[in-house]
Every structure is written in structure tokens, then in C-alpha cells.
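Visitor: One structure, pasted below without further comment.
The values are calculated or read from the model by the stated rules, or taken from the named source; none is laboratory data. In this text, all values refer to a predicted model and were calculated from it rather than measured experimentally. Every residue, glycine as well, gets a Cβ built from its backbone with ideal geometry; the counts of neighbours run over all protein chains shown.
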Amino acid sequence: MLKRYNGIFLLAILAVFGCNDDEQVTYKGYLPPVVLKDSVLVTYGDNIDLMLPTQYKDYEGVVLSLDFSNNDDIEVKGEQTLQNLLANAITVNASENSIQINAAEIYPNNVYSEISDVRLPEVYNVTLKADSEEGYKSVETTFKVRVTTADLGIVGLSDTDEIPYDYALYGTRSEYAVDYKALKKEGSKLELFFNGRPDGHVNLVDGKIVVDENAGDEGKSEWTYDMVPTLLKDGYMVARKQFRVMVVPTPKFFYGSYYPDLDITVIQNRLVMALGKEYATMEPAFYPEKYKGHFSIKSISKGGVSLDNTEGLFSINEETGKVSVKENTSLAAGEYSLVVENKSTTTDFVLSAELTLVME
């Protein structure tokens, strides 16, 4: 019995000493934990870099990799799966010690494609793994990437307003070009959607949004088109911009102030000035400004009697509409009524506004 135990002990000793040095693995503990944000928000079309912990540079043989298996491997385009799509767009850049996200190569979250009949998940899950070739135990962490749709722009309209707007005149044609803001148009398609029922008078023509001459209401009251040009890629919405066009009978022209975002009008066409002193009015309100032409004084009267302005005491800035009165000793106290005209350079409109100067 003793011999049997001694034999087993001897075999164990031989097994231990018989191992090659190359086959021995010495564990040195875990690599430092991976510290990243829990979630990352990126806009479609943007490229961002997520910097990785710098301490991994102090360890020899650390290999960083990304895993996307926490996402359902659905087919998003043809035979291309979501995991493959993410693997091509989200990569580790070892030389820069960062994770690069190319959001032009993936689609925004929670959007639907009529082509593939697929709705994408609300977030993409990304797992960063750190493995060691020097005996340290691996560590990993998972974070979420959320891609939002990009904003298009409308050339010539405000880029800061949440919903930019413009005015068009009845009987005129207006065109609006879409600003893609460095987004790639190749492989994408622009479509126009409406908040409200389309009437056939606003269409996409050669990539531009065209409001035709017959747009608006039959009674020619103010009419609003609320539109959303949308950029689609493989059937998925990747960028959009809501904007409005208000069709109006005539431009607004008066002395005072107009606040188009609030549609508030403040009339200030009766101004008091010192008799005989030099004076200048404010510029008149004119909206939409794109229809503004040249200003001129059509008539001047006092107490119903026409004045010929032979001394040139009254003048107007043809570009701005600001009316000036020279210093003089010939004008008497009282109310001077002026009619100012604006002749559009882009339409057939000739508009007039009244202005009263009270000299006392």
C-alpha cells in the first residue's frame, strides 16, 4: 500500500517538473478597469474620437478590440447585418489610443426603412475588451451609442431658428435650395413631406423646393405651407429640416417695426421733430425684404396743400427709405404729410406708405 502511494507521489512530482517553461502561465492580476462614458451621442454624418484610458500604454502586449454581439444581428441593407455595419463604422485606433465613430457609415437610431422593412434599435451597444499577452486578466466594459438624425438647412433662410420661414407673394414662383451641410448626397434620396394635405403647388424640382405661381388660397388670404424636406439613405431617414412658407397678397411696408417671428406690427408713422432743425427718420419696415426695391417720395403736403420741395429740404435714401429734413428757416410749424413709394426690382409691385412729420 505504501509503495502505491509513493508511486503516485512520484508521478505527481515528475508531472510538475516535466512541464516546459513555455507552457507555464503566470497570472499577474487584472488589467486596469476600462473607464468610459456610459453613453455617447453623435449626429449622423459626424466623426468623433473617444479617448481611451492612457494607462494601457504602460502595459506591454495589451490588445484592444470591440464586440457588437449585444445587438440583434438583423439585416439592415440587403445581406449586410447590423453587427457588420457597426464593426465597419466603429473602430479602435491604437496609434491614437481612441475609438473612432464614423456616423456617416451607420444610420440614426429608431428609424424605419420601407425598403428593408426594418426598424433600428433605440441604441447601439458597444463592448470594449482589453486582453493581455503578458498574463494579465482581461477586462471589458459596455457603452451605448445613440445616433441622431442630422439637420438640413434651407439656403437663404435662418440657420438658428428652430423652424425657419419665408414669405412668398401670390402669383410669383419661389425656389428654395436645400443645404446638405457637408452630408454626402451619393446613395441618398431627398423627399418632401408636408404637415397638412399637399395641394400640388409645392414640389421638388431638380432638387429644389418650388412654390409655384398658383400656390395659396383661392381667396388670396395669407396661406402657410409647412414642409419637411427629408434625406433618406437605403430607406432610412438620416437628415431633415422643417420650414414654412407663408404666401401673402402683398409685402408689408410701413414706417414702424415688424417682428416676423411673432407677426407683430408696430406702426410709428407720426413723428414729432423740432422746427427748423435737421432730422432723420428710422428706416421703414419692409417684409419680405427680398421684394424691396427703390424708395422715393411721391408727394409732400401740408394742410391738404401740395408742396413742390424745390429747395430740396426733404430727401430720402433710395436704398433704405430713411427720410431726412435739412436744417432750414423756411418751413412753418405744422404737420407735413409724405407719401413714400417703393418700386420692387423683382416683381411688378409698387407699394406706398404714409409718413407724417409734426414740426413744432
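Visitor: Looking at region 99-137, which of its residues are at pLDDT below 95 and basic (K, R)?
Guide: K129, K137
Visitor: Do we find that N110 is part of a loop (DSSP other than H, G, I, E, B) and among the polar types (S, T, N, Q) in this structure?
Guide: yes
Visitor: Just to be sure, is S116 over 25 Å from D234 (Cα atoms) and either in contact with a strand residue (DSSP E or B) (Cβ under 8 Å, 6 or more places away or on another chain) or small (G, A, S) (or both)?
Guide: The answer is no for S116.
Visitor: Are any residues in region 25-76 of a type in the set (G, A, S) and closer than 30 Å to D117 by Cα, and if so, which ones?
Guide: Keep residues of region 25-76 that are of a type in the set (G, A, S), which gives 29, 39, 45, 61, 65, 69.
Passing the criteria: S39, G45, S69.
Visitor: Can you give me the number of residues within region 177-197 that are more than 17 Å from the chain's Cα centre (by Cα) and over 13 Å from P229 (Cβ atoms)?
Guide: Residues in region 177-197 being more than 17 Å from the chain's Cα centre (by Cα) and over 13 Å from P229 (Cβ atoms): 4 in total.
Table: residues versus (1) more than 30 Å from E341 (Cα to Cα); (2) surrounded by fewer than 14 Cβ atoms within 10 Å (Cβ to Cβ); (3) acidic (D, E).
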residue	(1), (2), (3)
Y165	no, no, no
S174	no, no, no
F193	yes, yes, no
G196	yes, yes, no
A239	yes, no, no
F253	no, no, no
Y258	no, no, no
D261	no, yes, yes
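Visitor: Within the bounds of region 135-158, is there any residue that is free of Cβ contacts under 8 Å to residues at least 12 places away in the same chain, under 15 Å from the mean Cα position of the chain (by Cα), surrounded by 13 or more Cβ atoms within 10 Å (Cβ to Cβ) and outside the structural domain of N88 (by TED's automatic domain parsing)?
Guide: Within region 135-158 (the criterion being free of Cβ contacts under 8 Å to residues at least 12 places away in the same chain, under 15 Å from the mean Cα position of the chain (by Cα), surrounded by 13 or more Cβ atoms within 10 Å (Cβ to Cβ) and outside the structural domain of N88 (by TED's automatic domain parsing)), the answer is yes, since at least one residue qualifies.
Visitor: While we're here: Taking T172 as meeting all but one of (1) within 27 Å of the chain's Cα centre (by Cα); (2) of a type in the set (S, T, Y); (3) under 22 Å from G207 (Cβ atoms), write down the number of the exception.
Guide: That leaves (1) as the condition not met.
Visitor: Restricting region 11-66 to residues that are among the hydrophobic types (A, V, I, L, M, F, W, C), surrounded by fewer than 14 Cβ atoms within 10 Å (Cβ to Cβ) and assigned to a loop (DSSP other than H, G, I, E, B), which is modelled with the lowest pLDDT?
Guide: The selected residue is C19.
Visitor: Something else now. Quick check: anything in region 264-272 over 19 Å from L169 (Cα atoms), surrounded by fewer than 17 Cβ atoms within 10 Å (Cβ to Cβ) and of a type in the set (D, E, K, R)?
Guide: Yes, some residue in region 264-272 is over 19 Å from L169 (Cα atoms), surrounded by fewer than 17 Cβ atoms within 10 Å (Cβ to Cβ) and of a type in the set (D, E, K, R).
Visitor: Identify the residue in region 225-261 that is at pLDDT 95 or above and polar (S, T, N, Q) and, among all such residues, is nearest to V350 (Cα to Cα).
Guide: Among residues in region 225-261 that are at pLDDT 95 or above and polar (S, T, N, Q), the one nearest to V350 (Cα to Cα) is S257.
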